[in-house]
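Working notes, structure below.
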Amino acid sequence: MTRKPASGRSRTNDPAGVRKRILDATADAFQKRGYHSTSTHDIVRAAGVTAGALHHHFPTKKALALNVIQERVAQAVDKHWLEPVRSARGAEEGIRTAFEQIASSLDRSRTILGCPLNNLALELCAADSEFREAIERIYDIWRKVIADKLRADFAGAFDAEALATFVIASYSGAIAQAKAQQSAAPLLTCAAQLAFHFRPRQVPKAKASRVSRT
């Protein structure tokens, strides 16, 4: 039988479920208010757990934030960026799909809160090396997925790593402007400009290899 403590919160033998609720509530709070403006009391209340349960799973607020970055922010980047790029027929299609799907999602949102990774990078990276390393690992994976797709499409027509960096920087700037304007328009504008950037570079792999042999 489930017992209820004086606080009214249910005590259940479901540590994985409690941990998930804490991570979900924290990710949502960080996205809305940021790391520094979110207290552990805010998280306890939003997750519907006790302070003891919070500290059992995450001894410090920093430990909690690192887990949010590794498990929730990385997951969001994978869902909204890495998967569209990996599953697309080509890099340009995957990049365009990511921009368009995110813009469509923002159009349905009441409030545009920005990119979770970008928000935390701006808030935390300058002051703390552990946060910086955790966030940079996600950027590294993001950049590698795009660069690998570019290399698969084109044979040395350009520096794939540099162009992948340019794509991510373009998206980061566009989503920051979308947040400032409360409009998805900057994302669509940026996607269109990237398409123009790609077209002159589109040398089919087979053709490029023939040119390199001549």
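Taken together, the values in this text are just the output of simple stated rules run on the coordinates, not laboratory data. Note that the structure is a prediction, hence the values are computed from the model and not measured. Don't worry about glycine lacking a Cβ; one is built from the backbone with ideal geometry, like all the others, and counts go over all protein chains shown.
When each full DSSP H helix of the chain is screened for a Cα extent of at least 30 Å along its own axis and an average Kyte-Doolittle hydropathy of at least -1.0, the helices passing are 129-153, 160-181.
Its Cα centre serving as origin, the chain has a Cβ charge dipole (Lys and Arg +1, Asp and Glu -1) of approximately 460 debye. About its Cα centre, region 89-131 has a charge dipole of approximately 260 debye under the convention of +1 per Lys or Arg Cβ and -1 per Asp or Glu Cβ, with nothing else charged. Considered as an equivalent ellipsoid built on the Cα gyration tensor, region 112-166 has semi-axes of 27, 12, 8 Å, the largest given first.
Counting only DSSP H runs of at least 4 residues, each contributing -39500 (n - 2.57), and dividing by the residue count of the chain, the helix-based mean residue ellipticity at 222 nm comes to -21500 deg cm²/dmol.
Answer rounded, prolate or oblate for region 60-205, using the Cα gyration tensor with square roots of eigenvalues a ≥ b ≥ c: rounded when a/c is under 1.5, else prolate when a/b is larger than b/c, else oblate. Oblate shape, in that a/c is at least 1.5 and b/c is the bigger or equal ratio. Hey, which of these cross-link pairs are over 25 Å Cα-Cα: 79/149; 32/144; 32/62? Cα-Cα > 25 Å for 32/144; rest within. Counting only Cβ charges, +1 for Lys and Arg and -1 for Asp and Glu, the dipole size of region 35-127 around its Cα centre is about 220 debye. I'm a student and want to see the number: the projected area of the Cα convex hull of region 10-59, averaged over all directions, in nm². For the Cα atoms of region 10-59, the hull's average projected area reads 3.1 nm².
The calculated FRET efficiency for residue 111 paired with residue 78, based on their beta-carbon distance and R0 = 22 Å, is about 0.40.
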